[in-house]
Amino acid sequence: MKKLALLFNLLLLSALTVFSQPLSSVAIDKLVERTMKTFQVPGIAVAIVKDGKVVHSKGYGVSSISTGAKVDENTLFGIASNSKAFCTATLGILVDEKKLAWNDKVINYIPEFRMYNPYVTEDFTIKDLITHRSGLGLGAGDLMVWPDSSDFTIKDIIHNLRYLKQSSPFRTKYDYDNMLYMVAGEIVTRVSGEPWEQFVEERIMSPLAMDRSAASFARLKNKTNVIDGHTVIDKKVQVVPRHDVKTGQCSAAGIYSSISDMSKWMICQLDNGKYGHDPVKQLFSTVVQKEIWSPQTIIPTRADKYNSHFSAYGLGWFLTDIKGTKQVSHTGGMEGMVTQVTLLPELKLGIVVLTNQESGAAFNSISNTIKDSYLGLAPEDWVLHYDTIVSKSDNEDAILIQKVEDEINAVINANKQPIIMGNFTGIYQDDWLGEVRISEIGGKLWFQSVRSPQLRGEMKSYKGNTFAVKWINRSMKADAFVIFNLGAEGQATGFKMKPISPETDFSYDFQDLNFVRK
């Protein structure tokens, strides 16, 4: 019995030793190549930092299917919402300098700032701007900047916040927000006296020697090694137009960087804001770092293999525990590219995955596999796991979209009397998105936003007073219902909207619009 027990213990120790071995670079290469093939991603870059050193940094695939140029450790990607951590760090620098405090009122710095509710306006703090607890709905107002092509400035955005109604009481619920991070960047601008874009480059990127990075695509000094964004349209990967975030909006999602530069950012974060060697310097204080990584807004947890006990949003970071270890992370998404940064501070471990396709399943498959190996967890086939989820979701989405198409065709075939288009044509006004023109062109109804030109497409009768608009730009994947309000004579007095597919990106916040005929 003793021999059997000894043998069992040796086998168990051997198994644990295998599980606790970090993935080798060769294993990471195979993982990334498989991930790219499974999720149709043209190019990916992956870096790992451990104990203050870069232990893996490599590019895979091509930066663009148009050029075939190879991805390397210096290839620049739009990191999108991973810019938010840079925004909170810039605020933290000003906190250290005692030029502002987290709980200062926003109206003290931006007197024209207004929310829909006067009480919320008066009590709204800087911390409220960056914790997704404002009471606004998910992605409220994003259509002012998404899809790319709109002409809204930061001044417009600040003014239009007053028209966005709350969907929940102030400070009671988590709902992700982009517009308020732009307001946070404007506070940095007004306090420092220089644009946020310049401030972040001078006060963070320059000290950390993030020499190739910039606050936006337009500000890049060298554009010779930059990815194109891609998406899958009709089962084929295609290049999509670049979304170049405007000055005044970059604090939410504008930064371009590489895994080489992002490794320096992760090392600084994992070392409580320290950088340099002799002497060591401090980008921001340990007190600021602790506040940034402290739970601010509770997020409901979901059962998963990591046995997480809590989930929250800090200041520019998502926070949770995985198998008893604190995880600090964020993702980012822009047209044609998605990214992820994952930090495990207790392990001094950082993982960054940058991609040039809109597949969150790709970065999750890579990050989860790598961090599992460092945590000593039994291997799981994350590629298969996410491929199963994505396939199911895509199939359900295709069935729904086909159902709507079939119902539209049935209406067209059944209509013996043509639609009186004059009942619907005209100019309609929404308080914050502005004018939309519904026109008759070639016997068809067309939708055209004045301030967001990419919101343009043909409208087809669906059911009753509801039409379905199909956008010309098919990479948007955001076709929508237009539900008209009709007067006594059958003429439209206004309309509301909602996405057709539940898979539509939340930044297409059609549900927040309310158009009235001018």
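Looking for something under 30 Å from Gly360 (Cα atoms) and either in contact (Cβ under 8 Å) with a residue 12 or more places away in the chain or buried (at least 17 other Cβ atoms within 10 Å of the Cβ) (or both) - is there at least one such residue anywhere in region 433-446? Talk me through it step by step, then tell me what you get.
Let us first name the residues in region 433-446 that are under 30 Å from Gly360 (Cα atoms), namely 433.
Now drop any that are not either in contact (Cβ under 8 Å) with a residue 12 or more places away in the chain or buried (at least 17 other Cβ atoms within 10 Å of the Cβ) (or both), which leaves 433.
There is at least one residue in region 433-446 that is under 30 Å from Gly360 (Cα atoms) and either in contact (Cβ under 8 Å) with a residue 12 or more places away in the chain or buried (at least 17 other Cβ atoms within 10 Å of the Cβ) (or both).
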- Would you check if there is a residue in region 342-353 being within 23 Å of the chain's Cα centre (by Cα), under 15 Å from Val41 (Cβ atoms), assigned by TED's automatic domain parsing to the domain that holds Ile267 and surrounded by 21 or more Cβ atoms within 10 Å (Cβ to Cβ)? yes
- All conditions in (1) modelled with pLDDT under 95; (2) of a type outside the set (Phe, Trp, Tyr); (3) within 24 Å of Ala478 (Cβ to Cβ); (4) surrounded by fewer than 17 Cβ atoms within 10 Å (Cβ to Cβ) are true of Val237 except (1)
- Task: Test Glu489 against the stated conditions and say whether it is assigned by TED's automatic domain parsing to the domain that holds Asn413 and at pLDDT 95 or above.
- Result: no
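Could you tell me whether region 309-328 includes any residue that is assigned by TED's automatic domain parsing to the domain that holds Ser24, outside any strand (DSSP E or B) and under 30 Å from Val436 (Cα atoms)? Spell out the reasoning first.
The initial filter retains those residues of region 309-328 that are assigned by TED's automatic domain parsing to the domain that holds Ser24, namely 309-328.
Cutting the leftovers down to outside any strand (DSSP E or B) gives us 309-310, 314-317, 323-324.
Restricting the remaining residues to those that are under 30 Å from Val436 (Cα atoms) gives none.
No.
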- Can you give me the number of residues within region 24-44 that are more than 16 Å from Asn356 (Cβ to Cβ) and not in a loop (DSSP other than H, G, I, E, B)? 8
- Task: Tell me, please, whether a residue that is surrounded by 20 or more Cβ atoms within 10 Å (Cβ to Cβ), not in a loop (DSSP other than H, G, I, E, B) and not assigned by TED's automatic domain parsing to the domain that holds Tyr256 can be found in region 50-69.
- Result: no
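Can you tell me which residues in region 345-385 are in contact with a strand residue (DSSP E or B) (Cβ under 8 Å, 6 or more places away or on another chain), in a helix (DSSP H, G or I) and of a type in the set (Asp, Glu)?
Going residue by residue through region 345-385, those that are in contact with a strand residue (DSSP E or B) (Cβ under 8 Å, 6 or more places away or on another chain) are 345-360, 362-364, 366-367, 370-371, 374-375.
Adding the requirement that they be in a helix (DSSP H, G or I) leaves 345-347, 360, 362-364, 366-367, 370-371, 374-375.
Residue satisfying the conditions is Glu346 alone.
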- Scan region 380-413 residue by residue and report those that are over 16 Å from Arg34 (Cβ atoms), of a type in the set (Val, Ile, Thr) and exposed (fewer than 13 other Cβ atoms within 10 Å of the Cβ). Ile389, Ile399, Ile412
- Hey, among Val226, Val237, which residue is of a type outside the set (S, T, N, Q) and in contact with a His (Cβ under 6 Å, 6 or more places away or on another chain)? Val237
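A quick yes/no check of all residues on (1) under 19 Å from the mean Cα position of the chain (by Cα); (2) closer than 28 Å to Leu76 by Cα:
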residue	(1), (2)
Gln327	yes, yes
Thr331	yes, yes
Asp387	no, yes
Lys392	no, no
- Message: Please list, ordered by residue number, the helices (runs of 4 or more DSSP H) wholly in region 133-247 having 3 or more residues that are over 24 Å from Lys264 (Cα atoms).
- Response: 154-160, 179-192
- Message: Looking only at strands (runs of 3 or more DSSP E) that lie completely in region 410-518, which have at least 2 residues being closer than 24 Å to Met144 by Cβ and hydroxyl-bearing (Ser, Thr, Tyr)?
- Response: none
- Scan (1) within 19 Å of the chain's Cα centre (by Cα); (2) surrounded by 21 or more Cβ atoms within 10 Å (Cβ to Cβ) for the single condition Val188 breaks and write down its number. (1)
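The values are calculated or read from the model by the stated rules, or taken from the named source; none is laboratory data. Values in this document were obtained by computation on a predicted structure and should not be read as measured data. Virtual Cβ from ideal backbone geometry, glycine too; neighbours counted across all protein chains shown.
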